[in-house]
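A.B. asks: My structure is below; once you've seen it, I'll send some questions.
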Amino acid sequence: MRLRIDLAYDGTEFRGWADQPGLRTVQGTVEAALGTALRLDPPPLTVCAGRTDAGVHARGQVVHVDVEDAVLAAALDERGLDRLLRRLNGILPADVVLRGLREAPADFDARFGALWRRYAYRVADRPEALDPLRRSHVLAWPRPLDLEAMNAASAVLVGRHDFAAFCKKREGATTIRTLEELSWRRDEGGLAIAHVRADAFCHSMVRSLVGCLLAIGEGRKPVAWAADMLGAAERSSAIAVVHAHGLTLEEVAYPDDAELAARALRTRARRTAEEVTGS
């Protein structure tokens, strides 16, 4: 049976999602809990929607895992998957919480089936917005930000572009992405929050976009600088990669069940073609 897991985690004490020998990672922690709950050694392997970096948080991470029917049946009772969900949350450390666990269609793929991922980056640029209780989740910025200028610069970046200037390039992989939303708003407490949504992201893309826009928001760079950087189509040291702790994966969207197989197939084919051509 394929299971879908919806989970949240505080990334502060993790070295990112992806399993790394000898390091504390979210994937390693979740898989170890699954192994304990299902009495499997080695534990089952998971696939996630977005491989978050060290220090990045998640409220809406999505994972799929395949478990043999007999193994799953042995771990359940009349409460079904709810029993397994509660058992897993009892095993997991306090900085990881499973928010949902259910059977998924066989065609469900947490990574390739996603339509888009949405992140938020939170910045406190006013004294009244600073909260020591949220210091591990909000970037404290020492100068006031002009969100109108930041939104004007953001508008130019929305669409399908080569984001090489904002990504750590990986050999053989494309840096072309479709950025569906990039906007800044203040919440009721005065935090400046970037809302960023795309079909997929390349390494450091969100934190680099935020770094570029913060320079514009505080007046060090003009609004046109964002477009200039985008047009350069190569990694620029002028763009700061902001700290990871302000970034949270908020949500991942998927198509209706009937469209899952087609979506995963299209995504796999596109990624393969892009990686081969580098376009």
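The values are calculated or read from the model by the stated rules, or taken from the named source; none is laboratory data. This structure is a prediction, so every number in the text was calculated from the model and none was measured. Positions of Cβ are backbone-derived with ideal geometry, glycine not excepted, and every protein chain shown enters the neighbour counts.
A.B. asks: Within the stretch 187-197, does at least one residue satisfy the condition of being modelled with pLDDT of 95 or more, among the charged types (D, E, K, R), over 30 Å from Glu103 (Cα atoms) and part of a helix (DSSP H, G or I)?
C.D. replies: no
A.B. asks: Okay, next question. Which condition number in (1) surrounded by fewer than 17 Cβ atoms within 10 Å (Cβ to Cβ); (2) charged (D, E, K, R); (3) within 18 Å of Ala104 (Cβ to Cβ) is the one that Arg24 fails?
C.D. replies: (3)
A.B. asks: Does the stretch 52-64 contain any residue that is surrounded by 20 or more Cβ atoms within 10 Å (Cβ to Cβ) and among the hydroxyl-bearing types (Ser, Thr, Tyr)?
C.D. replies: The answer is yes; a qualifying residue exists.
A.B. asks: Can you tell me which residue in the stretch 165-186 is modelled with the lowest pLDDT, limited to those that are closer than 19 Å to Ala224 by Cβ and small (Gly, Ala, Ser)?
C.D. replies: Result: Ala165.
Table: residues versus (1) in contact with an Asp or Glu (Cβ under 8 Å, 6 or more places away or on another chain); (2) in a helix (DSSP H, G or I); (3) at pLDDT below 95.
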{"site": "Ile5", "(1), (2), (3)": "no, no, no"}
{"site": "Gly28", "(1), (2), (3)": "yes, yes, no"}
{"site": "Gly35", "(1), (2), (3)": "yes, yes, no"}
{"site": "Gly55", "(1), (2), (3)": "no, no, no"}
{"site": "Ala74", "(1), (2), (3)": "no, yes, yes"}
{"site": "Asp77", "(1), (2), (3)": "no, no, yes"}
{"site": "Leu88", "(1), (2), (3)": "no, yes, no"}
{"site": "Leu98", "(1), (2), (3)": "yes, no, no"}
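A.B. asks: Could I ask something else about it? Considering only residues of the stretch 74-104 that are under 30 Å from Leu265 (Cβ atoms) and surrounded by fewer than 15 Cβ atoms within 10 Å (Cβ to Cβ), which is farthest from the chain's Cα centre (by Cα)?
C.D. replies: This residue is Glu103.
A.B. asks: Follow-up question, since we're still on this one. Which of (1) polar (S, T, N, Q); (2) closer than 21 Å to Ala152 by Cβ; (3) without any contact (Cβ under 8 Å) to a residue 40 or more places away in the chain does Ser236 not meet, given it meets every other one?
C.D. replies: All conditions pass for Ser236, except number (3).
A.B. asks: For the stretch 105-119, what are the residues that are under 21 Å from the mean Cα position of the chain (by Cα) and either more than 19 Å from Phe14 (Cα to Cα) or in a loop (DSSP other than H, G, I, E, B) (or both)?
C.D. replies: Matches in the stretch 105-119: Phe108, Asp109, Ala110, Arg111, Phe112, Gly113, Ala114, Leu115, Trp116, Arg117, Arg118.
A.B. asks: Please work out which residue is surrounded by the most Cβ atoms within 10 Å (Cβ to Cβ), limiting yourself to the stretch 214-227 and to residues that are part of a helix (DSSP H, G or I) and touching a Pro at 6+ places or on another chain (Cβ under 9 Å).
C.D. replies: Among those residues, the one meeting the criterion is Gly217.
A.B. asks: Now, a different point. Take the conditions without any contact (Cβ under 8 Å) to a residue 24 or more places away in the chain, β-branched (Val, Ile, Thr) and not assigned by TED's automatic domain parsing to the domain that holds Ala58 and apply them to Thr174. Does it pass?
C.D. replies: Against the criterion (without any contact (Cβ under 8 Å) to a residue 24 or more places away in the chain, β-branched (Val, Ile, Thr) and not assigned by TED's automatic domain parsing to the domain that holds Ala58), Thr174 does not qualify.
Residues are listed down the side, and each one gets a yes or a no for (1) touching a helix residue (DSSP H, G or I) at 6+ places or on another chain (Cβ under 6 Å); (2) of a type outside the set (D, E, K, R); (3) touching a residue at least 40 places away in the same chain (Cβ under 8 Å):
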| site | (1), (2), (3) |
| --- | --- |
| Ala104 | no, yes, yes |
| Pro132 | no, yes, no |
| Ala153 | yes, yes, yes |
| Asp162 | no, no, yes |
| Ala165 | yes, yes, yes |
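A.B. asks: If we scan the stretch 29-45, do we find a residue that is surrounded by 19 or more Cβ atoms within 10 Å (Cβ to Cβ), free of Cβ contacts under 8 Å to residues at least 60 places away in the same chain and within 18 Å of the chain's Cα centre (by Cα)?
C.D. replies: no
A.B. asks: How about the stretch 46-80: which of its residues are under 9 Å from Trp17 (Cβ atoms) and among the polar types (S, T, N, Q)?
C.D. replies: Thr52, Gln61, listed by residue number.
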